[in-house]
Amino acid sequence: MIRTALIAGLLLAACSSPATQTAPVSPSPSIQEGTYPAQYHDATRASAALETLSSDAFEGRKTGEPGNLKAQDWIIGRLETFGVAPLQNGDYRAAFETPDFSGRQIEGTNILAVIDGRRGQDAPVIVMSAHYDHLGTGEDGIYNGTDDNASGVVALLETVAWFQENPPENDLVFAFFDAEEQGLAG
């Protein structure tokens, strides 16, 4: 478990570190001063995905609510677009039941995908994850959850896209967990 977390952390750090450039590059008008051009992901696609997933249309993505179900379909649609296989039984969805913080039973759905590595089944499996649920709606309106955790989902989807184009050595499992906001249940 610690090894997997370390590998995932190093991978994310490597993907977020600016690359050394041999020649000066003029920033495009869309790149803000003090930032660097995306090298390991499609910044335009990522920004659009973040805007979509954290929009009011997803109603804050609370577990079991219509916005959460819409988020599931959207994430699965992205995985299908990237050509990534479901982990089990031809379905990305893995349903579960669990008590929330108050002890009430809730139904959630994790989304699981896999990219097979070149080393085969005897090699260690690396799991990368993000939770896609959020708080839903409340007195103050919709809790969109851009930074909790739509941004993590988008980063994970961009990681999926990169590894789909750059086959890994080890099998990679991508887990999009549900019900994190309901008690770390997913």
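Close amide H partners of ILE106, meaning residues 5 or more places away or on another chain with modelled amide H under 5 Å apart, are THR98, ASP100. When ASP100, ASP122, ASP56 are compared by accessible area at a 1.4 angstrom probe, the order from most to least is ASP122, ASP56, ASP100. Distant-in-sequence amide contacts of SER129, defined by a placed amide H-H separation under 5 Å and a gap of 5 or more residues or a different chain, comprise ALA175. The string of couplings for region 103-109 from the Karplus curve (6.51, -1.76, 1.60, θ = phi - 60°) is x, 6, 6, 10, 10, x, 9 Hz, one whole number per residue in order, with x for Gly and Pro.
Given 10 °C and 1.306 mPa s, how large is the Stokes-Einstein diffusion coefficient of region 77-179 in µm²/s, with Rh as the Kirkwood radius over Cα pairs? Let's see the in-between values first.
Working: Rh = 15.0 Å.
My calculation gives 106 µm²/s for D.
Karplus-derived 3J(HN,Hα) values for region 52-69, using 6.51 cos²θ - 1.76 cosθ + 1.60 with θ = phi - 60°, are 5, 5, 9, 7, 4, 4, 9, 6, x, 6, 5, 3, x, 8, x, x, 5, 5 Hz; glycine and proline are entered as x.
Based on protein heavy atoms only, region 67-110 ends up with 56 Å² per residue of surface accessible to a 1.4 Å probe. Per-residue packing, averaged as other Cβ atoms within 10 Å, sorts the ranges 64-72, 127-135 into the order 127-135, 64-72, beginning with the highest.
The values are calculated or read from the model by the stated rules, or taken from the named source; none is laboratory data. Note that the structure is predicted; figures quoted are calculated from it, not measured. Counting neighbours? That spans all protein chains shown, and the Cβs are built from the backbone with ideal geometry, glycine included. Please note that ligands, DNA and RNA were not included when accessible areas were found on the heavy atoms of the full protein model with its side chains. Shrake-Rupley method; radii C 1.70, N 1.55, O 1.52, S 1.80 Å.
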